Structure formats: structure tokens, C-alpha cells
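In what follows, a single structure is set out as C-alpha cells and then discussed.
The values are calculated or read from the model by the stated rules, or taken from the named source; none is laboratory data. All values reported here derive from a predicted model rather than from experimental measurement. Heads up, the Cβs are rebuilt from the backbone with ideal geometry, glycines too, and the neighbour counts pull from every protein chain shown.
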Amino acid sequence: MPIVTDVTNKSLRREKEKEVMGRKSNLILRNESGVALVVALLMIVILSLIGLASSSSSTFEIRLSGNKRGATDAFYTAEAGAQSVMANTGNFSTSYYVAVPDSNSLAVELRNESIDSKMTSPSLSLPSGVSYHEAPQVTIYHTTRTTPPKASGFSAVHFEFQHYIIDSIGRDQLDASANRSNCQIREKVVRLVPTMQGGY
């Protein structure tokens, strides 16, 4: 009989151990003393991520608005260059122009425009008190076209038509970095010159 008692004692011991382990695990699960710390740490991590995302977003927005300001400034500089060149009629006297020997030396977009000469440094007529930090680069191209502009209503007998292309490149006037905004504007201009046949 000693074998039976030994087995019964062992099984009783196992049951007691299971009961004690069950109580310990229940006590561990019911113990809430560290939950507040874990919740507080999770909240800190979540709030830190939200703050980091908003900081990154605001930095991106600041950079984007700076780029927009620079592009707008470059556009207005290029437009001012084209307008100030058009204001001075002396810029359209072809005696100051240099011949363009080969159309391949021109920009790709200008090769089909039948350009025969250009002026690389026209005078910029600026109002008093206006100055550029860096003046726009303006080039005036003269074409061989002499036809009247389509749907203009002008007679080819009364006027002579001289076709020009104004190419103006403006840069951001406030940014001093090497990666400044640029803007290029091309405008086609027709100069009307009265003829003797027209009675002018």
C-alpha cells in the first residue's frame, strides 16, 4: 500500500500547487499598481508623435510658402523686365541688333521663328525710385516676318509690320542662396510703322 499513498500524496501536492499558482496568477492580474505608469507612458509617446508630426508639417508649410514667394518675385521681375523694354521704343531700332548666324545657337523653342538678329542688352526704363537687386536678363529677337497679325484689322498697305520676341529672365530678388527661383517670359510684339502709301 505504500505505493498508493505515494501516488495520492503526489496528486494532492500537484493539486495544491495548481491551486497556489492559480491564486498567484489571479493576484498578479488583479494587481493594478503599474497600470497608471504604462498608460501615462503611452500617452506621452502618442502626444510626442503628434507634436513631431505637426512640427514637421509646419516646417514644410513654411518652406513651401517661401518657395511660392520666391517664384512670384521672380515672375514679377521677369515681367517688369519685358514691360520696361517695351516702354522704350529705342530698343526696337534694328541698327543696334547683332545678326544671328545660325538658328541652332538659339533655344529650341525659338528655332522655328525665323529670327535674323537680336539685342542682348536693351535699356530698361525704370520709374524713379525703382531698382533691382539683380536686373532681369532681357533679349530682344527680330524676326523676318512682315505680315500683319491675324485678325488685327490692320491693312498691309498702310503699315509695315516688324515682329519681335522679347525673352526676359527674372530671379528672386530677396533670396541670396544659390538655389533661387527663376522665371522666363517670352512675349511676341508687333511694331506698326506707318508707310508713305498709307498717307502718314
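At a glance:
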| read-out | value |
| --- | --- |
| Which numbered condition residue 138 fails, given (1) in a helix (DSSP H, G or I); (2) under 26 Å from the mean Cα position of the chain (by Cα); (3) under 15 Å from residue 187 (Cα atoms) | (1) |
| Residue in the stretch 70-90 that is aliphatic (A, V, I, L, M) and modelled with pLDDT under 75 present | no |
| Residue satisfying condition, being of a type in the set (S, T, N, Q), under 27 Å from residue 175 (Cβ atoms) and in contact (Cβ under 8 Å) with a residue 24 or more places away in the chain, within set 120, 72, 77, 94 | 77 |
| Counted residues, the stretch 178-200 - those being farther than 18 Å from residue 115 by Cβ, modelled with pLDDT of 75 or more and of a type outside the set (A, V, I, L, M, F, W, C) | 6 |
| Hits in the stretch 164-193 (condition: within 15 Å of residue 124 (Cβ to Cβ) and of a type in the set (Gly, Ala, Ser)) | 168, 170 |
| Top-ranked residue of the stretch 141-180 - restricted to ones that are under 21 Å from the mean Cα position of the chain (by Cα), among the polar types (S, T, N, Q) and crowded, with 16+ Cβ neighbours inside 10 Å, ranked as nearest to residue 65 (Cα to Cα) | 173 |
| Inter-residue pairs, beta-carbon under 7 Å, first among the acidic types (Asp, Glu) and in the stretch 180-193, second part of a strand (DSSP E or B), 6+ apart | 187/166 |
| Count of residues meeting criterion [part of a strand (DSSP E or B), within 32 Å of the chain's Cα centre (by Cα) and polar (S, T, N, Q)] in the stretch 92-129 | 0 |
| Selection status of residue 58, under 30 Å from residue 172 (Cα atoms) and at pLDDT 90 or above | yes |
